[in-house]
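Peer 1: This is the structure, below, for whatever I ask next.
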């Protein structure tokens, strides 16, 4: 009896559609970033603040991944940015086919940046390429400083790490060793850009914006 590795087959099929998305973004000269984190890290809050702060500089479209609801997509739409909701009905990640279908519902020609807010999970989404230009991993200080060690794959693959909710460090509300988290991330990925931020207060966001705007310009070249 011939044995088939189901996981490899699924990943192989996904990569075919991811290549289509890569070619699409290259032809359109658009930057697409895949934002990945655990649930509750603050991805949607980061996106809504970013869209509002940069609305006079770039136009952003968002693909929202969630198990069931469209709550995050509605928050994005409230900023005036176009958003497409994908409900995975229990799947722990988005697929390249889902992203390809969602792209057809966005006004791509008028956008400078497409952001994918993946399903809240640090494991599964790291294994599935979506055709994006790069991955952004978000870690909140409330989650602990050991996440790069516990979930190395996503930190090794990401272009940038956003360490969110740094406002909680004031007053000792949470214990988080910033040096440990950043050094562990850099051991996995020497080129990863790291931005300690607070989407709530705006602290550190300007550095993240500078990197983002520079990345958008590179994609246009």
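The values are calculated or read from the model by the stated rules, or taken from the named source; none is laboratory data. No experiment lies behind these values; they were computed from the predicted model shown. Cβ coordinates were reconstructed from backbone atoms using ideal geometry, including for glycine residues, and neighbour counts include every protein chain displayed.
Peer 1: Only one of (1) surrounded by fewer than 23 Cβ atoms within 10 Å (Cβ to Cβ); (2) out of contact with any strand residue (DSSP E or B) (no Cβ under 7 Å at 6 or more places or on another chain) fails for residue 166. Which number is that?
Peer 2: (2)
Peer 1: Moving to a separate point now. Exposed (fewer than 12 other Cβ atoms within 10 Å of the Cβ) and either within 30 Å of residue 168 (Cβ to Cβ) or modelled with pLDDT of 95 or more (or both), is that true of residue 35?
Peer 2: no
Peer 1: Against the conditions (1) touching a helix residue (DSSP H, G or I) at 6+ places or on another chain (Cβ under 6 Å); (2) modelled with pLDDT under 95; (3) farther than 22 Å from residue 155 by Cα, where does residue 4 fall short? Just the number, please.
Peer 2: (1)
Residue by residue, here is whether (1) at pLDDT below 95; (2) under 17 Å from the mean Cα position of the chain (by Cα); (3) within 18 Å of residue 136 (Cβ to Cβ); (4) surrounded by fewer than 21 Cβ atoms within 10 Å (Cβ to Cβ) holds:
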site	(1), (2), (3), (4)
23	no, no, no, yes
29	no, no, no, yes
41	no, yes, yes, no
49	no, yes, yes, yes
67	yes, yes, no, yes
87	yes, yes, no, yes
104	no, no, no, yes
107	no, no, no, yes
115	no, yes, yes, no
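Peer 1: Working only within segment 71-114, note down all residues that are outside any helix (DSSP H, G or I) and touching a helix residue (DSSP H, G or I) at 6+ places or on another chain (Cβ under 6 Å).
Peer 2: Selection gives 79, 81, 83, 84, 85, 86, 92, 93, 95, 112, 113.
Peer 1: Kindly check whether there is at least one residue in segment 134-143 that is over 28 Å from residue 174 (Cβ atoms), within 17 Å of the chain's Cα centre (by Cα) and surrounded by fewer than 22 Cβ atoms within 10 Å (Cβ to Cβ).
Peer 2: Scanning segment 134-143, I find at least one residue that is over 28 Å from residue 174 (Cβ atoms), within 17 Å of the chain's Cα centre (by Cα) and surrounded by fewer than 22 Cβ atoms within 10 Å (Cβ to Cβ), so the answer is yes.
Peer 1: Then there is this: Quick check on this structure: which one of 159, 147, 200 is touching a residue at least 12 places away in the same chain (Cβ under 8 Å) and in contact with a helix residue (DSSP H, G or I) (Cβ under 6 Å, 6 or more places away or on another chain)?
Peer 2: On the way: 159 fails: in contact with a helix residue (DSSP H, G or I) (Cβ under 6 Å, 6 or more places away or on another chain); 147 fails: in contact with a helix residue (DSSP H, G or I) (Cβ under 6 Å, 6 or more places away or on another chain).
After ruling out the rest, the residue left standing is 200.
Peer 1: Within segment 25-40, which residues are touching a helix residue (DSSP H, G or I) at 6+ places or on another chain (Cβ under 7 Å) and over 18 Å from residue 211 (Cα atoms)?
Peer 2: Within segment 25-40, 28, 37, 38 meet the criteria.
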